[in-house]
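First comes the structure, then the notes that go with it.
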Amino acid sequence: MTTDTMRALVATGYGEPEQLTIAELDVPRPGPGQILVKIAASTINPTDLRVVTGGYRDLVDLEFPYTLGNEFAGTVVEAGPGVSQYGVGDEVFGLALPRQLRLAADPVRPSLSTGALAEFAVFEADTPAVAHRPAALDPERAVALPIAGGTTLAIMDTAKIRPGETVLVIGATGAVGLTLIPALAAAGAEIVATARTAEAADLLSSLGAGRTARYDDYPEDVDVVLNLALSADGLPSAARSLRPGGRLISIVFPPPDPSQLGRDDVELGYVMHMGDESTGARAVAEAALAGRLSTPIARRYALADGVEAATDYARRHPLGKIVVTV
Ligand SMILES: NC(=O)c1ccc[n+]([C@@H]2O[C@H](COP(=O)([O-])OP(=O)(O)OC[C@H]3O[C@@H](n4cnc5c(N)ncnc54)[C@H](OP(=O)(O)O)[C@@H]3O)[C@@H](O)[C@H]2O)c1
């Protein structure tokens with residue numbers, strides 16, 4: 001290591017993405033079981049912004065400055081004591097929550113970091129949410145995958161779609177939805193996907209959606225509803241779309257309660273993806289290299305333009321992932 005300070009995308013208090021800033025911080029040091037990674041790419045995600053706008057304030061009271069960033073690809077530049085999985089020069093990628101969000105991480109092997117939207121970040125080495133990056137998966141393709149790809153694998157595992165089932169995907173135009181639609185198509189689902197614009201509808205059709213629906217106009221008698229967008233107050237209208245005995249699976253936090261569906265003749269499921277063995281970095285890399293998983297990238301930004309990246313993410317409805325290269 002030749003440098004002591006680095007640039008990072010930080011919040012200095014709760015506020016809108018326009019109030020984020022690029023700050024000069026000390027380079028973090030790896031402790032036992034940790035690796036220091038020179039970041040090549042990171043992303044902006046819903047959680048990044050929900051945390052800094054105060055959306056989870058009742059769960060965690062942030063200390064500032066708070067460095068954003070969950071997904072990363074980069075190169076190991078230092079390994080702390082006891083790290084056997086990685087050495088200096090290894091290319092790695094994955095998903096790790098900023099340490100202040102520890103209570104939302106896997107309690108057994110939490111994947112935590114000092115914040116990935118920075119030139120350097122420290123990660124825990126012993127977690128399936130982090131893995132070596134295969135050379136065939138470039139850093140930008142890799143960094144787009146851990147959340148949307150891992151969540152897609154987790155949804156497919158929970159939903160157990162049978163060929164010919166009708167599946168309504170609500171929130172299909174986000175990073176998760178655009179990764180999920182081809183997986184559903186490959187499973188033989190008849191897909192109805194929500195779209196707000198003609199551009200979104202065209203993209204969804206090209207990915208395998210047979211039909212699109214407006215946000216306020218769901219089809220009837222579907223077998224499965226996958227909710228990637230609605231909070232609890234929107235669930236009754238989503239549930240009305242199901243045939244009796246159908247299943248609604250949500251990924252939107254907090255986990256809903258069956259009493260919030262407005263009917264009791266359907267099943268409710270919830271998916272929480274934390275990056276375990278079956279959905280972590282190695283699993284998404286294998287699925288991507290096998291051609292089974294890909295997350296479209298909407299736009300790329302340099303870290304110096306990180307505030308613009310976060311603002312555009314919040315205001316411009318990107319179709320796909322916002323990747324920040326470092
Ligand atoms: N439980 C888990 O493990 C897990 C994992 C990953 C993500 N998530 C959560 O899942 C959600 C989706 O994640 P993401 O990364 O795909 O987010 P995203 O990229 O922000 O996508 C959300 C999409 O939903 C659309 N949308 C908003 N309101 C809608 C409505 N009323 N009806 C239909 N579509 C609507 C948005 O389109 P417009 O803005 O154009 O309207 C946007 O395309 C987020 O809440 C995220 O926090 C949970």
Pick out the one residue from Ala186, Ala198, Ala209 that is among the small types (Gly, Ala, Ser), surrounded by fewer than 16 Cβ atoms within 10 Å (Cβ to Cβ) and touching a residue at least 12 places away in the same chain (Cβ under 8 Å).
Ala186
When the residues of region 226-246 are narrowed to those that are hydroxyl-bearing (Ser, Thr, Tyr) and not in a helix (DSSP H, G or I), which ends up farthest from Gly177 (Cα to Cα)?
Ser241
Within region 194-205, how many residues are within 13 Å of Leu168 (Cα to Cα) and near the ligand (Cβ under 9 Å from one of its atoms)?
2
Which listed residue, of Ala144, Ala104, Ala118, is surrounded by 24 or more Cβ atoms within 10 Å (Cβ to Cβ), within 22 Å of Ile322 (Cβ to Cβ) and either at pLDDT below 95 or under 14 Å from the mean Cα position of the chain (by Cα) (or both)
Ala144
Candidate set from region 32-65 (those that are surrounded by fewer than 22 Cβ atoms within 10 Å (Cβ to Cβ) and hydroxyl-bearing (Ser, Thr, Tyr)); member that is farthest from Asp4 (Cα to Cα):
Tyr56
For the list (1) more than 14 Å from the ligand (Cβ to nearest atom); (2) out of contact with any strand residue (DSSP E or B) (no Cβ under 6 Å at 6 or more places or on another chain); (3) without any contact (Cβ under 8 Å) to a residue 40 or more places away in the chain; (4) not polar (S, T, N, Q), I need the number of the one condition that Asp217 fails.
(1)
Just checking: which of the strands (runs of 3 or more DSSP E) contained wholly in region 120-178 hold 1 or more residues that are away from the ligand (no atom under 12 Å from the Cβ) and in contact with a Pro (Cβ under 7 Å, 6 or more places away or on another chain)?
120-124
What are the pairs with Cβ atoms under 7 angstrom where one residue, in region 96-116, is more than 13 Å from Ile35 (Cα to Cα) and in the same structural domain as Leu9 (by TED's automatic domain parsing) and the other, located anywhere, is in a strand (DSSP E or B) and of a type in the set (D, E, K, R)? Sequence gap at least six, or different chains.
Pro110/Glu124
Just to be sure before I move on: is Tyr218 in the same structural domain as Ala73 (by TED's automatic domain parsing) and surrounded by 15 or more Cβ atoms within 10 Å (Cβ to Cβ) in the structure I sent?
no
Neighbours by Cβ (under 7 Å, 6+ apart or cross-chain): first from region 306-326, farther than 21 Å from Leu145 by Cβ; second among the aromatic types (Phe, Trp, Tyr) and not in a helix (DSSP H, G or I):
Glu308/Tyr301
Residues being assigned to a loop (DSSP other than H, G, I, E, B) and either within 13 Å of the ligand (Cβ to nearest atom) or over 19 Å from Ala135 (Cβ atoms) (or both) - total across region 293-324
7
Against the condition free of Cβ contacts under 8 Å to residues at least 60 places away in the same chain, touching a strand residue (DSSP E or B) at 6+ places or on another chain (Cβ under 6 Å) and farther than 16 Å from Val326 by Cβ, how does Val52 come out, does it pass?
yes
Number of positions in region 257-290 that are closer than 24 Å to Asn70 by Cα and of a type outside the set (Val, Ile, Thr):
17
Quick check on Gln85: is it surrounded by fewer than 21 Cβ atoms within 10 Å (Cβ to Cβ), at pLDDT 95 or above, assigned to a loop (DSSP other than H, G, I, E, B) and among the polar types (S, T, N, Q)?
yes
Residue set Gly208, Gly269; condition in contact with a strand residue (DSSP E or B) (Cβ under 9 Å, 6 or more places away or on another chain) and either of a type in the set (D, E, K, R) or within 15 Å of the ligand (Cβ to nearest atom) (or both); output residue Gly269
Looking at (1) within 14 Å of the ligand (Cβ to nearest atom); (2) not in a loop (DSSP other than H, G, I, E, B), which one does Asp223 not meet, given that it meets all the others?
(1)
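The values are calculated or read from the model by the stated rules, or taken from the named source; none is laboratory data. Treat the numbers as computed from the prediction; the structure is a model and nothing was measured. Here Cβ is always computed from backbone atoms with ideal geometry, including for glycine, and neighbour counts include all displayed protein chains.
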